[in-house]
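The values are calculated or read from the model by the stated rules, or taken from the named source; none is laboratory data. These numbers were taken from a predicted model, which means no experiment stands behind them. With ideal geometry, Cβ positions are generated from the backbone for all residues, glycine too; neighbour counts draw on all protein chains shown.
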Amino acid sequence: MARSKFISMDGKLVPYDEARIHVLSPALKYGANVFEGLRAYWNADHGELYVFRMREHMVRLQQGMKIMRYKTQSSVEQWERWLLDMIRGNDHRTDCHLRFTAFVTGEGFMDAVEPVVFVASAEERPAKPLEQKAVKAQVATWRRIDDSSMPPRVKTGANYSNARLGLLQARADGYNEAIFLTQAGKVAEGGGACLIMVRDGVPTTPMVTGGILESVTRASLISLFQSKFGTKVVERDIDRTELYAADELFFCGSAYEVTPVTSVDRLPVGTGEIGPVTKSLWKAFEDVVRGRDNSHPEWRTPVFGGASARRTT
Ligand code: PMP
């Protein structure tokens with residue numbers, strides 16, 4: 001991985017190796033952090049890098065911080081500026097995965113809700129063809145955390161211990177990814193991505209009250225299914241055995257983008273190959289995120305300011 005030159009801390013560009021928080025901070029002692037993972041897509045014809053749905057990510061961060069009772073004086077607008085300044089400061093002119101994290105720092109105890117430091121970083125991640133992204137998944141024996149105890153709606157680093165249990169078990173058993181069921185035994189999501197299955201031509205996904213993170217990518221794909229293909233995505237409970245009966249299945253998320261799942265518990269999904277719906281949806285999505293398709297300009301924030309699609313909010 002090529003390192004960025006700078007990481008942003010509260011808007012200040014700090015050399016990569018000097019971006020630190022203390023080992024006794026609540027962020028480390030209690031996992032007191034809430035974060036976002038975003039993507040930025042390069043369009044060579046436009047000479048522009050577009051951050052995908054930055055506002056929606058920042059609003060989700062704000063909601064997560066509210067639920068966890070963090071205190072800060074800074075605003076969504078400021079966070080957006082800090083993220084964009086960090087990318088410009090590093091002059092990233094290629095596809096990137098971005099992280100934006102609110103860490104509770106200082107030396108507080110379990111009840112600490114401030115001070116909060118906001119850290120923005122980027123990692124260059126070149127585009128990968130869909131064929132290279134296909135994964136084999138295992139239904140985890142570890143169940144998904146629940147809104148009554150550890151809300152999956154909040155994107156806190158602490159939640160990812162649940163994801164790690166399933167993922168590491170899957171890796172130990174020879175799979176690439178884990179799929180989690182809720183406490184009630186319905187399909188929830190992957191450790192770092194939501195799930196959409198296609199059964200008898202109907203794209204179907206668990207509801208936002210079904211033990212999932214309210215994914216920005218999931219919402220975008222639901223919208224593109226409708227606008228590009230005239231298909232309504234059904235949001236409902238999904239049984240485990242429907243994963244085996246599905247024609248197509250894929251993970252979706254900022255990091256996973258569209259990641260085809262070609263088998264579950266060693267049973268092939270459909271033909272065991274990447275399906276036609278997954279392929280056309282990915283193409284439609286990629287065209288939009290890169291601005292090759294100029295619909296949804298409000299989803300793309302140009303980093304360097306050259307394009308006409310600049311958002312004003
Ligand atoms: N679920 C989980 C548990 C995740 O970590 C992510 C990644 N943020 C997602 C779903 C997908 O969310 P998004 O599309 O907003 O990245």
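So here's what we get for this one:
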{"read-out": "Subset of the stretch 138-156 (residues that are closer than 20 Å to Cys252 by Cβ, out of contact with any Leu (no Cβ under 7 Å at 6 or more places or on another chain) and away from the ligand (no atom under 12 Å from the Cβ))", "value": "Gln138, Ala140"}
{"read-out": "Criterion: modelled with pLDDT of 95 or more, aliphatic (A, V, I, L, M) and more than 23 Å from the chain's Cα centre (by Cα) - qualifying residue of Val76, Val14", "value": "Val14"}
{"read-out": "Pick from the stretch 272-285, criterion without any contact (Cβ under 8 Å) to a residue 60 or more places away in the chain and touching a strand residue (DSSP E or B) at 6+ places or on another chain (Cβ under 9 Å), ranking: surrounded by the most Cβ atoms within 10 Å (Cβ to Cβ)", "value": "Glu273"}
{"read-out": "Residue within the stretch 111-121 that is more than 16 Å from the ligand (Cβ to nearest atom), more than 19 Å from the chain's Cα centre (by Cα) and over 28 Å from Tyr16 (Cβ atoms) present", "value": "yes"}
{"read-out": "Asp111 vs. criteria assigned to a helix (DSSP H, G or I), at negative phi and of a type in the set (Asp, Glu)", "value": "no"}
{"read-out": "Cross-chain or 6+ apart pairs with Cβ under 6 Å, the stretch 181-200 first and of a type in the set (Ser, Thr, Tyr), then modelled with pLDDT of 95 or more and crowded, with 24+ Cβ neighbours inside 10 Å", "value": "Thr182/Arg144; Thr182/Ala188; Thr182/Gly211"}
{"read-out": "For Leu24: the one exception among (1) crowded, with 20+ Cβ neighbours inside 10 Å; (2) more than 16 Å from the ligand (Cβ to nearest atom); (3) of a type outside the set (D, E, K, R)", "value": "(1)"}
{"read-out": "Hits in the stretch 30-75 (condition: touching a residue at least 40 places away in the same chain (Cβ under 8 Å), in a helix (DSSP H, G or I) and away from the ligand (no atom under 15 Å from the Cβ))", "value": "Met65, Ile67"}
{"read-out": "Output for the stretch 76-120, where each listed residue is touching a residue at least 60 places away in the same chain (Cβ under 8 Å) and in contact with a Pro (Cβ under 8 Å, 6 or more places away or on another chain)", "value": "Val104, Thr105, Gly106, Gly108, Phe109, Met110, Ala112"}
{"read-out": "Among the residues listed as Gly166, Gly89, Gly106, the single one being among the small types (Gly, Ala, Ser) and in a loop (DSSP other than H, G, I, E, B)", "value": "Gly106"}
{"read-out": "Check on Thr94, of a type in the set (Ser, Thr, Tyr), within 29 Å of Pro151 (Cα to Cα) and in contact with a strand residue (DSSP E or B) (Cβ under 8 Å, 6 or more places away or on another chain)", "value": "no"}
{"read-out": "Residues being within 11 Å of the ligand (Cβ to nearest atom) and either basic (Lys, Arg) or in contact with a Lys or Arg (Cβ under 6 Å, 6 or more places away or on another chain) (or both) - total across the stretch 157-185", "value": "1"}
{"read-out": "Test: residue in the stretch 125-137 that is within 16 Å of the ligand (Cβ to nearest atom) and farther than 25 Å from Arg266 by Cβ", "value": "yes"}
